[in-house]
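Let me begin by presenting the structure, written as structure tokens, before commenting on it.
The values are calculated or read from the model by the stated rules, or taken from the named source; none is laboratory data. Predicted model only: the values in this text are computed from it and were never measured. Virtual Cβ from ideal backbone geometry, glycine too; neighbours counted across all protein chains shown.
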Amino acid sequence: MMVAGEASGDLHGAHLLEALCKIDPHVHCFGMGGDALHRAGMTLVYHHRSFSVVGITEVFLKLRVILKALRELKQSLARERPDLVILVDFPDFNLRLAKAAHKRGIPVLYYISPQVWAWRPGRVKLISKWVRKMIVFFPFEVPIYKAAGVDVEWVGHPLLDIVRPSLSRKEALQKFNLSPERPIVALLPGSRESEIEKLLSTLLVSAQLLQREIPTLQFVIPLASGMSREVLSPWVRESPIPVKVVEGLTYDVMNVADLLITASGTATLEGAILGRPMVIIYRVSPLSYWIGRMLVRVDHIGMVNLVVGKGLMPELLQKDANPERIAAESLPILKDPALRRQMTEGTEEVRRNLGEPGAVGRAASIVHSLLNEVKA
């Protein structure tokens, strides 16, 4: 059984399942995920699309749907009795499933660690009780789990294998109908509808402000995996400046951009692997943010900055994530080639801290070994 609750987890889970099936083609997987896991061969008990949200208080709006999914997955757990449960990120939901699996004597492997190093460190105690094996993507996570007695292994970051453009720069520009002579800004409002509702209109107004200063700018939005174009259409149609929406070629869009203006999340690491300068924005409900600031223990929000422990890329949070501030942070990057080079060079440190390629294969080998151990 595998459970992924949002788009990036769905993607990582799908790659893990594909690698596992190469080792053992007879593996059968069911659970919760999205289109990527479904394409990888997983039988979907529940699609994560119906309750993917960002923020603490926002969860309450989807609580009934979340509890229904949790109940159905627990029933599947009892009915199917899988040999192993693989939980992918999504900790508040998945730790409840970990407890349910542990009670039934079913081993649990956690793939993509809850960010216990950032907030709510007490969850490590629960993980030590309910999780047989923890696979982490960042080296600094290992001592945290070892200190709590958790069996943990660092495999490196799977994005090093995943984030590759499929087209040359020339091919991508031709396909997207973009001019090689004019600067390009990629707008990434996030992979959830709730993020798009909060951020897309702000990004489009920011684009207008930027174009007033640099009339030759071109704007493009790579559509997140599993997201329908119709979700973006109302905002894009009303935009007074042309914005291209590209489906299915996110890394090619990011790779040709001179600047990314992106929601905080996996996209910041993807952009760093591609060596792109970026401005990171983050916005949730005021109450969610207030609660988060009370609990979070890190100095940065963007993963790209967390990985290197410094403000490599500018971050704009909450009220600061407004069109005027976004434009003010973006213009110097767009106007100064030396600054862009400096930011691009900084991404090399990010890539070094993510380990070596081959993380998914190493993780799949760990999963396979645990399955054999369980069956023995």
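Every residue, every condition in (1) part of a helix (DSSP H, G or I); (2) among the basic types (Lys, Arg), yes or no:
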| position | (1), (2) |
| --- | --- |
| Pro82 | no, no |
| Lys99 | yes, yes |
| Leu109 | no, no |
| Ile144 | yes, no |
| Val150 | no, no |
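This table checks each residue for (1) surrounded by fewer than 18 Cβ atoms within 10 Å (Cβ to Cβ); (2) at pLDDT below 95; (3) touching a Phe, Trp or Tyr at 6+ places or on another chain (Cβ under 6 Å); (4) part of a loop (DSSP other than H, G, I, E, B).
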residue: Glu171; (1), (2), (3), (4): yes, no, no, no
residue: Glu181; (1), (2), (3), (4): yes, no, no, yes
residue: Ser191; (1), (2), (3), (4): no, yes, no, yes
residue: Glu195; (1), (2), (3), (4): no, yes, no, no
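Kindly evaluate Glu356 against the criterion of being touching a helix residue (DSSP H, G or I) at 6+ places or on another chain (Cβ under 9 Å), surrounded by fewer than 18 Cβ atoms within 10 Å (Cβ to Cβ) and in a loop (DSSP other than H, G, I, E, B).
Working: touching a helix residue (DSSP H, G or I) at 6+ places or on another chain (Cβ under 9 Å): yes; surrounded by fewer than 18 Cβ atoms within 10 Å (Cβ to Cβ): yes; in a loop (DSSP other than H, G, I, E, B): yes.
Yes, satisfied.
Taking the stretch 6-36 only, how many residues are within 23 Å of Pro91 (Cα to Cα), in a loop (DSSP other than H, G, I, E, B) and either over 17 Å from the mean Cα position of the chain (by Cα) or at pLDDT 90 or above (or both)?
Here the count works out to 2.
Tally the residues that are under 14 Å from Glu195 (Cβ atoms) and of a type in the set (S, T, N, Q), restricting the search to the stretch 211-227.
1
Say we look at the stretch 203-226 and pick out the residues that are assigned to a loop (DSSP other than H, G, I, E, B) and in contact (Cβ under 8 Å) with a residue 60 or more places away in the chain; which of these is surrounded by the most Cβ atoms within 10 Å (Cβ to Cβ)? First the steps, then the outcome.
Of all residues in the stretch 203-226, those assigned to a loop (DSSP other than H, G, I, E, B) come to 214-217, 224-226.
Filter once more, so that each one left must be in contact (Cβ under 8 Å) with a residue 60 or more places away in the chain: 214, 217, 224-226.
Details: Ile214: 14, Leu217: 19, Ala224: 24, Ser225: 17, Gly226: 20.
Among residues in the stretch 203-226 that are assigned to a loop (DSSP other than H, G, I, E, B) and in contact (Cβ under 8 Å) with a residue 60 or more places away in the chain, the one surrounded by the most Cβ atoms within 10 Å (Cβ to Cβ) is Ala224.
Give the number of residues within the stretch 153-165 that are part of a loop (DSSP other than H, G, I, E, B), buried (at least 20 other Cβ atoms within 10 Å of the Cβ) and not β-branched (Val, Ile, Thr).
Result for the stretch 153-165: 3.
For residues that are of a type in the set (D, E, K, R), modelled with pLDDT of 90 or more and under 25 Å from the mean Cα position of the chain (by Cα), scanning just the stretch 90-104, find the one that is surrounded by the fewest Cβ atoms within 10 Å (Cβ to Cβ).
Lys99
Look through the stretch 216-243, keep the residues that are closer than 19 Å to Ser168 by Cα and of a type outside the set (A, V, I, L, M, F, W, C), and return whichever of them is farthest from the chain's Cα centre (by Cα).
Gln218
What pairs come up if the first residue lies in the stretch 88-101 and is over 19 Å from Thr266 (Cα atoms), the second is surrounded by fewer than 22 Cβ atoms within 10 Å (Cβ to Cβ) and of a type in the set (Lys, Arg), and their beta carbons are under 6 Å apart, counting only those six or more places apart or on different chains?
Going by the 6 Å Cβ cut-off, the qualifying pairs are Ala100/Lys74.
Which is surrounded by fewer than 17 Cβ atoms within 10 Å (Cβ to Cβ) and in contact with a strand residue (DSSP E or B) (Cβ under 7 Å, 6 or more places away or on another chain), of Val150, Val142, Val136? Don't jump to the end; show me each part of the working.
Details: Val150 fails: surrounded by fewer than 17 Cβ atoms within 10 Å (Cβ to Cβ); Val136 fails: surrounded by fewer than 17 Cβ atoms within 10 Å (Cβ to Cβ).
Result of the check over Val150, Val142, Val136: Val142.
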